1. Anything in the range 165-184 that is among the hydrophobic types (A, V, I, L, M, F, W, C) and under 9 Å from the mean Cα position of the chain (by Cα)? List them, or say none.
2. With respect to LEU125, determine if the residue is modelled with pLDDT of 95 or more, closer than 20 Å to GLU197 by Cβ and either in a helix (DSSP H, G or I) or among the acidic types (Asp, Glu) (or both).
3. I'd like to know if the range 189-206 contains one or more residues that are surrounded by fewer than 22 Cβ atoms within 10 Å (Cβ to Cβ) and in a helix (DSSP H, G or I).
4. Look through GLU157, GLU210, GLU145 and report the one residue that is part of a strand (DSSP E or B), over 12 Å from the mean Cα position of the chain (by Cα) and either of a type in the set (Asp, Glu) or at pLDDT below 95 (or both).
5. Among the strands (runs of 3 or more DSSP E) contained in the range 44-103, which hold 3 or more residues that are modelled with pLDDT under 95, farther than 21 Å from ASN169 by Cα and among the hydrophobic types (A, V, I, L, M, F, W, C)?
6. Being buried (at least 21 other Cβ atoms within 10 Å of the Cβ) and within 12 Å of THR161 (Cα to Cα) is the filter here, so list the residues in the range 67-91 that pass it.
7. In the range 169-207, how many residues are more than 21 Å from ILE138 (Cα to Cα), at pLDDT 95 or above and among the hydrophobic types (A, V, I, L, M, F, W, C)?
Amino acid sequence: MVRSTSMPIKSAINNYFDQNDSLISLNPKLNDPFVFKNFHKSIENLSPNGDTLNTIEEECIIPEMPIGNELIIIMLENWGDKNFLGLNGIEILDRFGNRPAIKKISLENQYSQTIEIDSGNLQRLIDNTYRTHDDAHIWQHRIGETSLPVQIRLRFERITTIALIRIWNLNKSRVHSYGGVRLVKFLLDDQTIFFGEIAKANGNLNGSLENFGDVSALNNYDQISN
């Protein structure tokens, strides 16, 4: 269990940036509330040459420092793998720059029915080991044509103010990286706090953070970093 500290959020988040290369924020420079316009390519609409036939626009108002007790990560598409969906990890920071204690984590299908799997498998998502090719720290889920979307439900020990969510995409190898999540939606206590595309990992262990996934920074990063 991580104990909260009195460290100001500016210092806490800056320390996180210093320890993890550079943060690639998904929030554009806009006045509050942040408006994130995301254009993503639907896998179903890809032509044989890889171009998108129909581009979907989604507009999502990203709240600053949302507060809640239950985070749901809805995974709508992966990067093209027909058999597996996977992640290397889910990293969450609270307003103090700490990782909040998670009481329960579960996997559900689109009908909110719990999928019975080894609970230890899901624990790999929150074991704080992200840059790895080791199966012992990687979550993978077999999918079929009707298996998506699936959702991961995380219940915190207590009401939590979330400052940052990083998705560490599946990075077992370059080939396996196509099983990483592509289109995702975050709900915090049933409120949408993010909807967009997550970068595909490159399959390597070296490089800057943008090579491993994406961050939703739920704070005014420009103000914090000044």
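The values are calculated or read from the model by the stated rules, or taken from the named source; none is laboratory data. Given the structure is predicted, the values throughout are model-derived calculations rather than measurements. Glycine also receives a Cβ, built like all others from the backbone with ideal geometry; neighbour counts cover every protein chain displayed.
1. Correct list: ILE165, ILE167, TRP168, VAL181, VAL184.
2. It is true that LEU125 is modelled with pLDDT of 95 or more, closer than 20 Å to GLU197 by Cβ and either in a helix (DSSP H, G or I) or among the acidic types (Asp, Glu) (or both).
3. no
4. GLU157
5. Working: elements: 55-62, 67-78, 84-94.
Passing ranges, in order: 55-62.
6. Passing the criteria: only LEU71.
7. Looking only at that region, the number is 2.
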